[in-house]
């Protein structure tokens, strides 16, 4: 049974954001907007484990819940999630994930009471019903969703609160961040590693140390690149979100595929060149920041190193 909220207690607000790193980063502006709109509320974020610590350090939330993401047959898991949601006494829920899964969470409040709900769940109080919503950039789509719920101003991502320490990595200045990886199941999003090696050599010849970023699972890829460019510094599996932000603040440049860390470098203000193939659409998900250039080719095998260097030179001279 859902308990009644205490009189004069702050409103209870829930934000749902479960997605990948790039999607999570593009929700930072909406997070800030929700916090500004509900200044006196107790705001909880429901997210997944990789983003819990980062979100906890942010100024946007009072509490972080980690979604156990029960499988279809895990009845006990679904019942536990239902109890938790109902006991939260939420007056409003912002579903920024807007997936089939997160919309299903709306059904867990049956038979009621049902909180106000901003999202795409059928029957919710503040539906984002724009039939063209899937043609909008992620940030613009979320801003439009929040406007329907009464939040008219959504700022760009602000990483000023992030307190990572780049000095811990003893990186030689000047340095450039290279991000040659990306989703394993989408190899066409990756620029060939030998092109990254040529780029690394060109940067080294300019007196700039290439620093390679990637998850632990991408260590073989970064090792291969470092084998072709032994002067590069590989940090595979050694960096968290706050570390990358801190390094980006001091980096001369960042170059990488359409993958999560490039959203961090862009939002941190680092001059960032992001490489796109036919496999992802910058109109929907491009990194945004004060100094970002998107280079797109139908196949990244057709992207020349010279084009990347020219884009980098233009950005760093701005």
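Once you have the Kirkwood Rh of segment 114-212 from its Cα pairs, apply Stokes-Einstein at 4 °C and 1.567 mPa s and quote D in µm²/s. In µm²/s, the coefficient rounds to 71. Taking all pairs of different Cα atoms in segment 12-148, averaging 1/r and flipping that mean, what Kirkwood radius in angstroms comes out? It works out to 15.2 Å. Once C-alpha pairs closer than 8 Å and six or more residues apart are averaged by separation and normalised to the residue number of the chain, the relative contact order reads 15 percent. With everything on Cα atoms, drop me the angle between helix 138-148 and the longest principal axis of the chain, reported from 0 to 90° to the nearest 10. Between helix and principal axis, roughly 20 degrees.
A Förster distance of 35 Å, applied to the separation of the beta-carbon atoms of residue 40 and residue 68, puts the FRET efficiency at 0.75. When the helices of the chain are scored as -39500 (n - 2.57) per DSSP H run of n ≥ 4 and the total is divided over every residue, the value at 222 nm lands at -10000 deg cm²/dmol. From the largest down, segment 178-258 spans 35, 29, 19 angstrom on the principal axes of its Cα atoms.
Rounded to the nearest 10 degrees, what's the angle between the helix 241-250 long axis and the longest principal axis of the chain, both from Cα atoms, 0 to 90? Helix 241-250 and the main axis of the chain meet at about 40 degrees.
What separates the Cα centres of segment 130-179 and segment 46-91 is a distance of 22 Å.
Over the C-alpha atoms of segment 166-316, the Rg to Rh ratio, Rh being the Kirkwood estimate, stands at 0.91. For residue 53, put the label point 7 Å out on the Cα→Cβ axis and report which residues of segment 215-229 keep their amide N under 14 Å from it. Flagged as within label range: 216. Calculate, in nm to one decimal, what residue 167 and residue 185 gain on full extension: separation in residues at 0.36 nm each, minus their alpha carbon distance. Additional length available on full extension: 3.1 nm.
Answer with a single label: of (i) 1.97; (ii) 0.99; (iii) 1.08, which was calculated as Cα Rg over 2.2 N^0.38 Å from the structure in view? Derived directly from the coordinates: (iii).
No lab work stands behind these numbers, since they all come straight from the coordinates. This one's a predicted model, so the numbers in the text were calculated from it and none came from an experiment. Cβ: placed from backbone, ideal geometry, glycine included. Neighbour counts: every protein chain shown.
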